[in-house]
Each structure stands twice: as C-alpha cells, then as structure tokens.
1. Which residues make up the longest stretch of the chain that has no GluC sites (Glu not before Pro) in a DSSP loop with at most 15 other Cβ atoms within 10 Å?
2. Would you compute, for the Cα atoms of region 115-210, the largest minus smallest coordinate along each principal axis and list the three values in descending order, in whole Å?
3. For region 240-292, compute the orientation-averaged projected area of the C-alpha convex hull (one quarter of its surface), in nm².
4. Once every DSSP H run of n ≥ 4 in the chain is given -39500 (n - 2.57) and the sum is divided by its residues, what mean residue ellipticity at 222 nm do you get, rounded to the nearest 500 deg cm²/dmol?
5. Please express the Cα-Cα pair-distance distribution P(r) of the chain as a list of whole percents, one per 5 Å bin, running from 0 to the bin with the greatest distance.
6. Which value in Å does the Kirkwood hydrodynamic radius of region 143-182 take, with 1/r averaged over all unlike C-alpha pairs and then inverted?
7. Work out, step by step, the length gained on full extension between ARG214 and HIS76: first 0.36 nm times the residue separation, then minus their alpha carbon distance; give nm to one decimal.
8. Would you compute the Debye intensity of region 45-102 from its alpha-carbon atoms alone, equal scatterers and no solvent, and pass along log10 I(q)/I(0) at q = 0.16, 0.28 Å⁻¹ to two decimals?
Amino acid sequence: MNRFLIVPRLKIHNANALSSPYTIGFPAMTAWLGGVHALQRKLNAASFAELRFNACAVSCHQIDLQTYQGRGDYVHSIVGTGNPLDKTGDRPSFIEEARCHLNVTLAIEYQGVDIGDTDEFLAAVQQQLTTMKLAGGDILSFKKPELLKIDGDIELGKLTRKLMPGYVLLEHRALMAEAMQEGQDAIDAMLDYLTVHHRSQIDADGHVTWSAERKTKGWIVPIAAGFHGIGDLGFAEQQRDPNTPHRFAESLVTLGEFVMPYRLKHLDQLLWRSRYDAQNKLYLIEQHSRNA
C-alpha cells in the first residue's frame, strides 16, 4: 500500500519562477522536493523521528507569471520588485528575478507514522507549513491536509482525482537520449524538440495557409533534473553550514511534459524522487517512469 499526505490548494506568493537555467515558468522540481525535504526535517525535529518522505507530486491549478509585454514589444519583460532605499538614499543594486504566484496541490508519499498518530501528524504538518516557504515563495493559505492510502496503480484514480483540475510534470528523458544517439549534443537535442516550425502552403487558387508544429506532440518544456558535482567534497571559506561538506555543482536539464493527472496510468509516472549517484557525482530528481 502507498500512503500519501495531501496538502490541497496551496496558494504561494512570489515563488521562484526559474524552471531551468534557461527558462522561466513553473518552479523547478528541485525546488519542490527541497521544500518537501525541509518539511520532513522540521517534523523529524519535532516528535516524528521515523518519518520519511519518499516521493512527491505537484499539481498546478493556477499560475500567474510576473511578466509584462507592452504594446509592440516582441518579448515579455520580467516585472521587478521595488526594493526600499539604502541608508544613503540610493536604490540598492539587485538581480532581476522571475517570480510567479501559484495555486498547487502537493501529494507526498510517506512512511514512519503510526496509525494512532495520524491526527497529531496532520496537526504538526499544518503548523509547520505556516512557518515555511515553498519554492522561494510565501505560503498564503492552504486547505486542511489529509491522508490517503491507495493500492498502487490499481487505485491510482483515487489520488489523481485529488489533483484535478491541474497539470503535473511527466519526465521525458528518453526523448533526449534518442536524439543524442542520432549524433546530436545535449543542447541541440533539447532545442530540436522545443523549436516551433512555421510553414506556408499555397493552394491552386493562390491562398496561403500557415501551420506551426513541433517535432513531437505535447506540452514539452525543459526542466531542471538535479545537479552534477564539478569538484570534490570539501570545505570552502564562508560556506553557509560550516559542518557540512561543500561541493560546486552545475544544473542538469532534461525534457518534460505537462499533462493532466487523469491521463497517467502508472503511479511511477506521477511521483518524483531524489537519488544520489556518488560514483558519477550526480544529485538527481527523477521519475521511475515508463517514459523516462
């Protein structure tokens, strides 16, 4: 049996809209799993030392990306923040960051909570969420968390109904692998699936018809899939945590697709998990999916 903590209708203000190092939109899954891990650590420090969050799914019901396109503009501009003046009366320097407002539902697979402790567990989750940020944004409100138990793929509909209406991310790593086997490098393989080809066709009467299509169907987007360590573990000057080994890393990017949850037939297509590959220095966020 699979046990889930459902946190419905989380309203998040000013979340980090970086979905990959190259694109903005829906926050990266690395941000969501980081927030779920932070929640686990807070609950572990309370009275749930055996609690483990094994996987997570995020369903997006609504997103408001903070961009602006003026009349005649070709591209959208990021809506920046108005930071207060510094002590000299000048505007402080700042890095332009993409932000978004979200309404999402979290489904978190868990273990380590006894049946008799479920009421206390739900109360602790509700209390901790009011003190946290998610994906860099402020949690404004959420509906009462609940627990759900399903029997894998057989009762998947019970879970997907909790996530509707909305969109979840489905990993498509196989698309990248297929293109790279044909001789393309990683960036060309990704761009090949993201490029929109516009074509015109003239009929016998001289009428022109335009069409636009991509290499494959679906709402395909680049997504962050973890990090690759580019150095050895060690300690650096001025690191935030002086007791934890430090390592420089770069982002890993692959392809994903936004789909409605009811289209998924297997639980592994819905859930995202973290995995550490020490031999290759990989910190991965992945699905055990039949499409990966």
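Here, each number is a calculation from the coordinates, and none is a lab measurement. Given the structure is predicted, the values throughout are model-derived calculations rather than measurements. Positions of Cβ are backbone-derived with ideal geometry, glycine not excepted, and every protein chain shown enters the neighbour counts.
1. Values: sites that count: GLU50, GLU96, GLU97, GLU182, GLU237.
Result, exposed sites excluded: 98-181.
2. 73, 37, 35
3. Numbers: hull surface 22.2 nm².
Projected area, direction-averaged: 5.5 nm².
4. Numbers: 5 runs with 54 residues, N = 292.
So the calculated ellipticity at 222 nm is -5500 deg cm²/dmol.
5. Using 5 Å bins, I get a P(r) of 1, 5, 9, 13, 16, 16, 14, 11, 7, 4, 2, 1, 1, 0, 0, 0 for the chain.
6. Numbers: mean 1/r = 0.0756 Å⁻¹.
Answer for region 143-182: a Kirkwood hydrodynamic radius of 13.2 Å.
7. On the way: separation 138, 0.36 × 138 = 49.68 nm, distance 2.18 nm.
Additional length available on full extension: 47.5 nm.
8. Log-scaled intensity ratios, in q order: -0.80, -1.14.
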